[in-house]
1. Could you name every one of the helices (runs of 4 or more DSSP H) located completely within region 97-199 that has at least 2 residues being free of Cβ contacts under 8 Å to residues at least 40 places away in the same chain and closer than 22 Å to VAL6 by Cα?
2. Could you identify the single residue in GLU25, GLU18 that is over 27 Å from THR207 (Cα atoms), over 19 Å from the mean Cα position of the chain (by Cα) and in contact (Cβ under 8 Å) with a residue 40 or more places away in the chain?
3. If I ask for residues that are farther than 14 Å from LYS227 by Cβ and either in contact with a strand residue (DSSP E or B) (Cβ under 9 Å, 6 or more places away or on another chain) or exposed (fewer than 14 other Cβ atoms within 10 Å of the Cβ) (or both), which ones from region 182-205 would you list?
4. Could you please tell me which pairs satisfy a Cβ distance under 7 Å, a separation of 6+ or placement on different chains, a first residue in region 234-252 that is among the basic types (Lys, Arg), and a second residue that is assigned to a helix (DSSP H, G or I) and surrounded by fewer than 17 Cβ atoms within 10 Å (Cβ to Cβ)?
5. Can you name the residue in region 165-203 that is at pLDDT 95 or above and of a type in the set (A, V, I, L, M, F, W, C) and is also farthest from LEU132 (Cα to Cα) among such residues?
6. I'd like to verify a number: residues in region 1-18 that are in contact with a Phe, Trp or Tyr (Cβ under 7 Å, 6 or more places away or on another chain) and either part of a helix (DSSP H, G or I) or of a type in the set (Phe, Trp, Tyr) (or both), how many?
Amino acid sequence: MRKNIVAGNWKMNKNLQEGIALAKELNEILAADKPNCDVVICTPFIHLASVTPLVDANLIGVGAENCADKVSGAYTGEVSAEMVASTGAKYVILGHSERRAYYHETPEILKEKVKLALANGLTPIFCIGEVLEEREAGKQNEVVYAQLAGSLYDLSAEDFSKIILAYEPVWAIGTGKTATAEQAQEIHAYIRSTIADKYGKEVAENTSILYGGSCKPSNAKELFANKDVDGGLIGGAALKAADFKGIIDAFK
């Protein structure tokens, strides 16, 4: 059975002290009121080694927001998958729309990142999704298919089954616009159908597909009620423990 997951993406927010305080607060809240889904927080690199031992691994998984597409070497400023794993982190976000747009990450680069993450025992949270022009042109299905096929569909079924997907309608990130529950379900169902075509129904049914576009406590329940929406990749609302908990509680 696939898992329901609420994952927070802190992006470039919170200094080290603030990040530690937020992780502690979240840990206390969830210890007092156990979540009904898996919870993950993906933090800036500088937080990982401090935050991972602070939280109860049975309550909160910790992940990075990115990793390098190289094993090691003269790549100043980069952080390898092995380094991420050495902190005790278990997850890594790959292919986020901001990485694709601002840092020009291509399907080939992301394919390497996925391989290295898997080789180091990390669970990739792999992001796919279309921009507004593509949505308005009705091209969202072909865009997400190309992103999946370009970076993931060379994997064995065994390796693919270790991946969490996150669908992000890029036009709904930080804009206050949200895909309707019906739009979210429609494209999540399409994504699952392409996985079934490639890897078979069992792998498709066991793949968690998260929704990542302006998900808030006020709309999480409606979004997560869809049969193909298995949780959320949360941006702004993950930076306040009460808001993040409100989204986690959508599974209660």
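The values are calculated or read from the model by the stated rules, or taken from the named source; none is laboratory data. Computed from a predicted model, the values in this text were never measured in an experiment. When we count neighbours, we look across all protein chains shown, and the Cβ atoms used for this are built from the backbone with ideal geometry, even at glycine.
1. Of the helices (runs of 4 or more DSSP H) lying wholly inside region 97-199, those with at least 2 residues that are free of Cβ contacts under 8 Å to residues at least 40 places away in the same chain and closer than 22 Å to VAL6 by Cα span 181-199.
2. Checking each option against the conditions leaves just GLU25.
3. Passing the criteria: ILE195, ASP197, GLY200, LYS201, GLU202.
4. Final answer for the pair search is LYS245/ILE29.
5. VAL203
6. Of the residues in that region, 0 qualify.
Results for (1) touching a residue at least 24 places away in the same chain (Cβ under 8 Å); (2) over 20 Å from LYS113 (Cβ atoms); (3) surrounded by 24 or more Cβ atoms within 10 Å (Cβ to Cβ), shown as yes or no for each residue.
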| position | (1), (2), (3) |
| --- | --- |
| LYS34 | yes, yes, no |
| THR43 | yes, no, yes |
| SER50 | yes, yes, no |
| VAL55 | yes, yes, no |
| GLY61 | yes, no, no |
| ALA68 | yes, no, no |
| ALA74 | no, no, no |
| GLU78 | no, no, no |
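Listed here are the residues, each with its yes/no results for (1) within 24 Å of VAL71 (Cβ to Cβ); (2) in contact with a helix residue (DSSP H, G or I) (Cβ under 9 Å, 6 or more places away or on another chain); (3) among the hydrophobic types (A, V, I, L, M, F, W, C).
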| site | (1), (2), (3) |
| --- | --- |
| ALA101 | no, yes, yes |
| ILE109 | yes, yes, yes |
| GLY121 | yes, yes, no |
| ALA137 | no, no, yes |
| VAL143 | no, yes, yes |
| ASP154 | yes, yes, no |
